[in-house]
1. Pairs please, first residue from the stretch 4-33 and closer than 14 Å to VAL130 by Cα and of a type in the set (Val, Ile, Thr), second anywhere and assigned to a helix (DSSP H, G or I) and open to solvent by 40 Å² or more (accessible area, probe 1.4 Å), Cβ atoms under 8 Å, 6+ apart in sequence or on different chains.
2. Taking the stretch 153-169 only, how many residues are open to solvent by 50 Å² or more (accessible area, probe 1.4 Å) and under 18 Å from HIS17 (Cβ atoms)?
3. Please go through the stretch 64-106 and give me each residue that is modelled with pLDDT of 95 or more, open to solvent by 20 Å² or more (accessible area, probe 1.4 Å) and touching a helix residue (DSSP H, G or I) at 6+ places or on another chain (Cβ under 7 Å), ordered by number.
4. So, of the residues in the stretch 21-42 that are touching a helix residue (DSSP H, G or I) at 6+ places or on another chain (Cβ under 7 Å) and of a type in the set (Ser, Thr, Tyr), which turns out to be least open to solvent (accessible area, probe 1.4 Å)?
5. Report, ordered by the first and then the second residue, all pairs with beta carbons closer than 8 Å, sequence separation of six or more or different chains, a first member in the stretch 146-174 that is touching a residue at least 60 places away in the same chain (Cβ under 8 Å), and a second member that is assigned to a loop (DSSP other than H, G, I, E, B) and hydroxyl-bearing (Ser, Thr, Tyr).
6. The conditions are (1) open to solvent by 80 Å² or more (accessible area, probe 1.4 Å); (2) closer than 23 Å to SER168 by Cβ, and ARG49 fails exactly one of them. Which is it?
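The values are calculated or read from the model by the stated rules, or taken from the named source; none is laboratory data. Here the structure is a predicted model, which means the values were calculated and not measured. Cβ atoms come from the backbone with ideal geometry, glycine included; neighbour counts cover every protein chain shown. Only protein heavy atoms, including side chains, enter the accessible area calculation; ligands, DNA and RNA are left aside. Shrake-Rupley method; radii C 1.70, N 1.55, O 1.52, S 1.80 Å.
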Amino acid sequence: MHTLIVVAHHDPRSLTHGVATQIAEGLTLADPQSTFEIADLYAEDFEPRFGAADFAVHHREARPPADVLAEQARIDRADTLVLVYPVYWWSMPALLKGWIDRVFSNGWAFDFSGDLKHVKLLQRMRVHLVQLAGADARTYERHGYGAAMKAQIEHGIFDYSGATVLSSTLLPESELRDPKQQLQVARELGSQMHT
């Protein structure tokens, strides 16, 4: 099994990066034959802005730009996609959302030709979401943020393209809890992702 772990956080010393590393370690401890790649969108300076070239791709007037093709190839090589990110305003960071906007393009993630027929093209993709939240779990439940994120991300992005979200884990109170606890949870998550 090959796993692509995508991280969206500017600080390589952050808990977000630590969680991604622990997930990778958990994967390899559970299955020494498995491989992984960590895509650090900040370090790689991925361009998240959906521009004219991306709009032309959406309308099937052009091929995707080279950076998008490279990301699609990276996903195609993976059996599993893991997104690790801090929650910003009850969603994902703009960089990660821009990565999805550009990479999950018409003709690759889904097929929509304008005649209202929609075909899901990523049915083989398995996805795990790991979100680091500053708020506590009660806040998410009380205000419906968890349900809103599920509708927006799990259904609106991944189900729309046919991918299966196998798990969605919220690590609450990331700024208050002992990081060692969060990192241990991440390692356990990684060890469970190989199945």
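1. Sorted first by the residue in the stretch 4-33, then by its partner, the pairs are VAL19/LEU183; ILE23/ARG187.
2. The number of residues fulfilling the criteria is 0.
3. PRO64, PRO65
4. SER34
5. Close Cβ pairs satisfying both conditions: none exist.
6. (2)
Rundown of residues vs (1) part of a helix (DSSP H, G or I); (2) acidic (Asp, Glu); (3) in contact with a helix residue (DSSP H, G or I) (Cβ under 8 Å, 6 or more places away or on another chain), yes/no style:
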{"position": "ARG138", "(1), (2), (3)": "yes, no, no"}
{"position": "GLU141", "(1), (2), (3)": "yes, yes, no"}
{"position": "ILE153", "(1), (2), (3)": "yes, no, no"}
{"position": "ILE157", "(1), (2), (3)": "yes, no, yes"}
{"position": "LEU176", "(1), (2), (3)": "no, no, no"}
{"position": "GLN184", "(1), (2), (3)": "yes, no, yes"}
